[in-house]
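Each remark here refers to the structure printed beneath this line.
The values are calculated or read from the model by the stated rules, or taken from the named source; none is laboratory data. Quantities reported herein were computed from a predicted structural model and do not represent experimental measurements. Because the Cβ atoms are built from the backbone with ideal geometry, glycine has one as well, and the counts that use them run over all protein chains shown.
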Amino acid sequence: MHKVTRAALGMFLGLSFSGLAMAAEPPATGLGQAWPNAVDVSLSPHWHVYVFVLNGVKYVQVNDINGNVIGAVGTAGGQFITLPIGEDSQYVSTPQQRAANTSSINSAASTTVYRDSSTVVTATPQSDGTTKLTASSAVICTDPTRCGEIAVKPTH
């Protein structure tokens, strides 16, 4: 009976720790949903940002304050791709792909809505009610004499 109790305790602890390890990883499902079962990692209270990871590719989705999907990008190894989801997906720009539609005029300043050690995403509301999203690589400058900027460290 004592061995059965130890085995049950071992299985319980193993499952508990695997749950903790899984909780540390971003989810791989829910992309494209208004309110996905994922942590909101937005840097701004006016936006919702969700990160998903699948097979080494990070997907960053931006929703407006009401949960409407605005757009999303996929990124891996410094490369980006615009995903065909969201109300304003045609206004998403990456280093490899400029927005398909750029006829809007800015009506507000850009807001950084997401930043990690490799990716930055900004949102810029346009005068026609659309939102321009811009994704880029996060350049971390640790030597201001070489970069000509103030040293910036990643926030995550």
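Quick look at the numbers
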read-out	value
Residue within segment 40-47 that is touching a Gly at 6+ places or on another chain (Cβ under 8 Å), modelled with pLDDT of 95 or more and either surrounded by 10 or more Cβ atoms within 10 Å (Cβ to Cβ) or of a type in the set (Gly, Ala, Ser) (or both) present	no
Close pairs (6 angstrom Cβ cut-off, 6 or more residues apart or separate chains): within 16 Å of SER118 (Cα to Cα) in segment 39-53, of a type in the set (Ser, Thr, Tyr) and in a loop (DSSP other than H, G, I, E, B) anywhere	VAL49/SER42
Residue that is surrounded by the fewest Cβ atoms within 10 Å (Cβ to Cβ) [pool: residues in segment 49-78 that are over 14 Å from the mean Cα position of the chain (by Cα) and at negative phi]	ASN66
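Residues checked against (1) closer than 23 Å to SER127 by Cβ; (2) out of contact with any strand residue (DSSP E or B) (no Cβ under 9 Å at 6 or more places or on another chain); (3) not acidic (Asp, Glu):
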{"site": "TYR59", "(1), (2), (3)": "no, no, yes"}
{"site": "ASP64", "(1), (2), (3)": "yes, no, no"}
{"site": "GLY78", "(1), (2), (3)": "no, no, yes"}
{"site": "THR82", "(1), (2), (3)": "yes, no, yes"}
{"site": "SER89", "(1), (2), (3)": "yes, no, yes"}
{"site": "PRO95", "(1), (2), (3)": "no, no, yes"}
